[in-house]
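The values are calculated or read from the model by the stated rules, or taken from the named source; none is laboratory data. In this text, all values refer to a predicted model and were calculated from it rather than measured experimentally. Cβ sites come from the backbone with ideal geometry, for glycine too, and all protein chains shown count toward neighbours. For accessibility, only protein heavy atoms count, side chains too; no ligands or nucleic acids. Shrake-Rupley method; radii C 1.70, N 1.55, O 1.52, S 1.80 Å.
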Amino acid sequence: MIFENIAVNEKGHLTFAGVDTVALAEKYGTPLYLMDEERIRHNCKVYKSAMADAFGEGSYPSYAGKAACFKRIYEIMREEEMSVDLVSPGEIYTAFKAGYPMAKAFFHGNNKTDGDISFAMDCGVGCIVVDGFDELSAVDRIASARGICQKILLRLTPGIDPHTYEAVATGKVDSKFGVAIETGQAEAFVKAALACKNVTLLGYHCHVGSQVFDDSDSVYTDSARVMLTFARDMQEKTGYAPEIFDIGGGYGVRYVESDPYVDIPASIRRVYEHICYLANELGLPMPNVIMEPGRSIVADAGMTLYTAGTVKEITGYKNYLSVDGGMTDNPRYALYGSAYTVYLANKMTETASFTCDLVGRCCESGDVLQPGVVLPKPVRGDTVAVCTTGAYNYSMASNYNRIPRPPVVMLRGGEDYVAVKRETLDDIISNDL
Ligand SMILES: *Cc1c(COP(=O)(O)O)cnc(C)c1O
């Protein structure tokens with residue numbers, strides 16, 4: 001099958017992480033998010049060992065928590081000894097309450113308020129990734145008021161177009177994120193940081209985009225070239241040599257058969273060789289490198305189950321299969337036109353010959369989970385499985401149409417347990433006065 005953690009059992013049912021998905025749909029109801037805990041741990045280990053093997057001890061991956069954020073994930077990250085990236089007080093609080101060692105956390109975002117910065121310091125976040133001049137002064141001022149010295153990285157914009165969806169490209173000069181190298185503003189940014197009394201500048205950060213495929217190394221090698229060249233210039237001008245280069249996230253994952261397979265350890269090895277070559281050419285010591293995978297840690301650890309509802313055949317036009325969830329639990333097709341692999345989980349051995357648009361229950365024509373899917377003929381009550389939903393699904397879910405969010409059920413060693421419970425109708429009105 002296309003994904004390693006799916007199979008078909010003797011009943012002709014789809015299994016995920018070795019568990020019968022039809023039985024899970026019956027046990028927990030639908031819509032239902034499933035997460036394969038062992039797959040998450042496996043993906044963490046792949047990055048950790050590939051980075052340590054290539055770059056050595058001081059280099060490591062930091063999980064971008066926005067891809068999937070709930071307490072259990074941060075317990076797993078603590079156990080796997082992963083660093084994490086957090087982007088809001090809500091994400092910081094989730095990790096903190098999960099007992100995650102906050103000194104290993106990085107705080108990102110293009111508009112951190114003074115309140116956010118104070119909260120991060122209260123929770124002991126190790127490093128703040130400063131996104132601009134105003135924020136640099138705010139961090140310095142707040143750290144000074146507390147009598148501390150805050151570790152920071154500076155987010156730079158290398159001016160690279162990663163050839164991905166516009167909405168997930170973040171490294172172009174005109175991005176809302178970071179300070180541009182090309183315009184000379186990054187130079188002033190570094191000088192300003194070096195002049196601050198209550199910050200310790202650890203190095204530079206960039207992140208150019210997400211779900212990058214065309215030559216998957218280039219997302220890192222291109223930005224490494226720009227960043228290291230900038231570092232060399234700054235070293236000549238100020239004497240400052242960064243300890244850390246954080247080169248962001250972005251490896252693509254396979255959603256459908258036609259997506260390429262990225263061999264992450266092999267790519268990391270090539271990125272390492274490229275950075276070695278650059279450092280050597282520029283006369284710089286080999287830096288410690290951080291990568292920030294989000295999607296590639298959790299995407300293939302996730303699956304969403306729905307129950308089939310209305311099957312609508314418009315003679316001579318098209319067919320629709322409606323399910324009991326939709327853009328509220330998975331807005332990615334609506335946002336980015338994302339592709340997904342879809343199965344009829346209780347009819348895995350039947351021939352797929354019914355083409356339909358898989359749509360949700362929201363009052364919105366754009367509420368499409370996936371157009372043009374080919375399935376065995378569905379009937380009301382069948383179990384529909386959408387694969388690879390571990391990243392940017394639960395974390396992007398909403399209560400549009402006052403639809404409660406589904407639970408997250410974790411699978412481990414053939415067992416299942418709830419990590420996030422299903423929202424109730426009372427949860428939906430809980431803040432209404
Ligand atoms: C979103 C994000 C990531 C993770 O990107 P993926 O494509 O999920 O790997 C990493 N770093 C930063 C700064 C991000 O904003």
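Please go through the stretch 388-433 and pick out each residue that is part of a loop (DSSP other than H, G, I, E, B), polar (S, T, N, Q) and under 20 Å from the mean Cα position of the chain (by Cα).
Scanning the stretch 388-433 gives THR388, THR389, ASN393, SER398.
In the stretch 171-186, which residues are over 25 Å from the mean Cα position of the chain (by Cα) and not in a loop (DSSP other than H, G, I, E, B)?
Hits for the stretch 171-186 are GLN185, ALA186.
Of all the residues that make up the stretch 359-410, how many are among the aromatic types (Phe, Trp, Tyr) and either over 23 Å from ILE2 (Cβ atoms) or open to solvent by less than 20 Å² (accessible area, probe 1.4 Å) (or both)?
Summing the residues that are among the aromatic types (Phe, Trp, Tyr) and either over 23 Å from ILE2 (Cβ atoms) or open to solvent by less than 20 Å² (accessible area, probe 1.4 Å) (or both) in the stretch 359-410 gives 1.
Among the residues of the stretch 122-139, write down those that are within 16 Å of the ligand (Cβ to nearest atom), assigned to a loop (DSSP other than H, G, I, E, B) and within 19 Å of CYS149 (Cβ to Cβ).
VAL125, GLY126
Of all strands (runs of 3 or more DSSP E) completely enclosed by the stretch 1-77, which ones contain at least 2 residues that are open to solvent by 20 Å² or more (accessible area, probe 1.4 Å)?
Because the criterion is at least 2 residues that are open to solvent by 20 Å² or more (accessible area, probe 1.4 Å), the strands (runs of 3 or more DSSP E) in the stretch 1-77 that meet it are 6-8.
Hey, does the stretch 315-326 have a residue that's within 22 Å of the chain's Cα centre (by Cα) and under 28 Å from ARG402 (Cβ atoms)?
yes
For residues in the stretch 286-301 being part of a loop (DSSP other than H, G, I, E, B) and within 13 Å of the ligand (Cβ to nearest atom), which is farthest from the chain's Cα centre (by Cα)?
Out of the qualifying residues, it is GLU292.
Quickly run through the stretch 324-347 and pick out the residues that are open to solvent by less than 40 Å² (accessible area, probe 1.4 Å) and over 21 Å from TYR394 (Cα atoms).
Matches in the stretch 324-347: LEU344, LYS347.
Cβ contacts < 7 Å: first residue at positive phi and modelled with pLDDT of 95 or more, restricted to the stretch 403-431; second residue among the small types (Gly, Ala, Ser) and open to solvent by 30 Å² or more (accessible area, probe 1.4 Å), any location; separation 6+ or different chain. Result?
Going by the 7 Å Cβ cut-off, the qualifying pairs are GLY414/GLY18.
Check ALA188, ALA195, ALA266, ALA241 and return the single one that is surrounded by fewer than 18 Cβ atoms within 10 Å (Cβ to Cβ) and under 30 Å from ILE6 (Cα atoms).
Just one listed residue meets the conditions, ALA266.
For the stretch 154-180: of the residues being among the aliphatic types (A, V, I, L, M) and at pLDDT below 90, which is farthest from the ligand (Cβ to nearest atom)?
VAL173
Against the definition (closer than 23 Å to LEU228 by Cα, at pLDDT 95 or above and within 15 Å of the ligand (Cβ to nearest atom)), how does LEU86 come out, yes or no?
no
Does ALA103 count as more than 30 Å from ILE6 (Cα to Cα), in a helix (DSSP H, G or I), free of Cβ contacts under 8 Å to residues at least 40 places away in the same chain and open to solvent by 10 Å² or more (accessible area, probe 1.4 Å)? Steps first, answer last, please.
Numbers: more than 30 Å from ILE6 (Cα to Cα): yes; in a helix (DSSP H, G or I): yes; free of Cβ contacts under 8 Å to residues at least 40 places away in the same chain: yes; open to solvent by 10 Å² or more (accessible area, probe 1.4 Å): yes.
So ALA103 fits the description; yes.
May I ask you to verify whether THR351 is polar (S, T, N, Q) and open to solvent by 50 Å² or more (accessible area, probe 1.4 Å)?
Spelling it out, THR351 is indeed polar (S, T, N, Q) and open to solvent by 50 Å² or more (accessible area, probe 1.4 Å).
Taking PHE230 as the residue in question, decide whether it is aromatic (Phe, Trp, Tyr), in contact with a Pro (Cβ under 9 Å, 6 or more places away or on another chain) and within 16 Å of the ligand (Cβ to nearest atom).
In short, no.
Which one of PHE119, PHE189, PHE96 is more than 16 Å from the ligand (Cβ to nearest atom), in a helix (DSSP H, G or I), within 24 Å of ALA224 (Cβ to Cβ) and of a type outside the set (Val, Ile, Thr)?
PHE189
From ASP259, ASP246, ASP222, grab the single residue that is in contact with a His (Cβ under 8 Å, 6 or more places away or on another chain) and within 16 Å of the ligand (Cβ to nearest atom).
Numbers: ASP259 fails: in contact with a His (Cβ under 8 Å, 6 or more places away or on another chain); ASP222 fails: in contact with a His (Cβ under 8 Å, 6 or more places away or on another chain).
Of ASP259, ASP246, ASP222, the one residue that is in contact with a His (Cβ under 8 Å, 6 or more places away or on another chain) and within 16 Å of the ligand (Cβ to nearest atom) is ASP246.
Might you check whether a residue that is within 16 Å of the ligand (Cβ to nearest atom), outside any strand (DSSP E or B), of a type in the set (A, V, I, L, M) and closer than 26 Å to MET410 by Cα occurs anywhere in the stretch 264-281?
Scanning the stretch 264-281, I find at least one residue that is within 16 Å of the ligand (Cβ to nearest atom), outside any strand (DSSP E or B), of a type in the set (A, V, I, L, M) and closer than 26 Å to MET410 by Cα, so the answer is yes.
Are any residues in the stretch 191-244 at pLDDT 95 or above and of a type in the set (Asp, Glu), and if so, which ones?
Residues satisfying the conditions are ASP233, GLU236.
Taking the stretch 50-83 as the region of interest, how many residues are under 14 Å from PRO293 (Cα atoms) and either modelled with pLDDT under 95 or of a type in the set (S, T, N, Q) (or both)?
Counting residues in the stretch 50-83 that are under 14 Å from PRO293 (Cα atoms) and either modelled with pLDDT under 95 or of a type in the set (S, T, N, Q) (or both) gives 3.
So the check is Cβ under 7 Å with 6+ separation or different chains; which pairs have a first residue in the stretch 305-319 that's acidic (Asp, Glu) and a second one that's assigned to a strand (DSSP E or B)?
GLU313/ASN319
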